[in-house]
1. Out of (1) open to solvent by 90 Å² or more (accessible area, probe 1.4 Å); (2) farther than 16 Å from Glu12 by Cβ; (3) in contact (Cβ under 8 Å) with a residue 24 or more places away in the chain, what's the single condition that is false for Lys62?
2. Return only the number of the condition from (1) surrounded by 16 or more Cβ atoms within 10 Å (Cβ to Cβ); (2) modelled with pLDDT under 90 that Ile44 does not satisfy.
3. Scan region 21-34 for residues that are open to solvent by 50 Å² or more (accessible area, probe 1.4 Å) and outside any helix (DSSP H, G or I) and jot them down.
4. Would you mind stating whether Asp34 is farther than 15 Å from Glu12 by Cβ, of a type outside the set (Phe, Trp, Tyr) and in contact with a Ser or Thr (Cβ under 7 Å, 6 or more places away or on another chain)?
5. From the residues in region 40-58 that are out of contact with any helix residue (DSSP H, G or I) (no Cβ under 9 Å at 6 or more places or on another chain) and not in a helix (DSSP H, G or I), which one is farthest from His72 (Cα to Cα)?
6. Restricting to region 1-27, give me the number of residues that are among the acidic types (Asp, Glu) and modelled with pLDDT under 90.
7. What about Leu102, is it in contact with a His (Cβ under 7 Å, 6 or more places away or on another chain), modelled with pLDDT under 95 and open to solvent by 70 Å² or more (accessible area, probe 1.4 Å)?
8. Scanning for something open to solvent by less than 90 Å² (accessible area, probe 1.4 Å), at pLDDT below 85 and of a type in the set (Val, Ile, Thr), does region 108-122 turn up at least one residue?
Amino acid sequence: REREDAPENMLEGRNAVTEALSAGRTIDKLFVADGDTDRALARICAMAKEAGAVVVPTDRRKLDFMSATGAHQSVIAMVAAHGYASIDDILKKAADAGEAPLIVTCCGATTPGRAARRRMPRAAELHR
């Protein structure tokens, strides 16, 4: 279960961090459990360094404290905030794709967790 006070720019777990790196998402800092040296974690660290992230060996107790879910799997990433797009940018992206634009604005919309908020535009296949 995710803590209510979890930072919006934090990713936890090996799969989430690997997917973010593979997608080209900017990771500012990668906190990795000090002493964990399995292959998967080493690969994540190498990918992060190659992408320009700072890799910080971190005591497991600190990772446990930082974790919003309690399931960090020895890795927590602090990611860059998403940039904003103007209406013109969205319309251009739709035109370049040869699609009719679909723009949804939500004022005061809330969802139970930040992961759900991130999935909404993708699920609706919105131009973002």
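1. (2)
2. Ile44 satisfies all of (1) surrounded by 16 or more Cβ atoms within 10 Å (Cβ to Cβ); (2) modelled with pLDDT under 90 except (2).
3. Ala23, Gly24, Arg25, Thr26, Asp28, Lys29, Asp34
4. Numbers: farther than 15 Å from Glu12 by Cβ: yes; of a type outside the set (Phe, Trp, Tyr): yes; in contact with a Ser or Thr (Cβ under 7 Å, 6 or more places away or on another chain): yes.
So Asp34 passes the test.
5. Among them, the one singled out is Gly52.
6. Selection size over region 1-27: 4.
7. yes
8. Among the residues of region 108-122, at least one is open to solvent by less than 90 Å² (accessible area, probe 1.4 Å), at pLDDT below 85 and of a type in the set (Val, Ile, Thr), which makes the answer yes.
The values are calculated or read from the model by the stated rules, or taken from the named source; none is laboratory data. Given the structure is predicted, the values throughout are model-derived calculations rather than measurements. Glycine also receives a Cβ, built like all others from the backbone with ideal geometry; neighbour counts cover every protein chain displayed. Please note that ligands, DNA and RNA were not included when accessible areas were found on the heavy atoms of the full protein model with its side chains. Shrake-Rupley method; radii C 1.70, N 1.55, O 1.52, S 1.80 Å.
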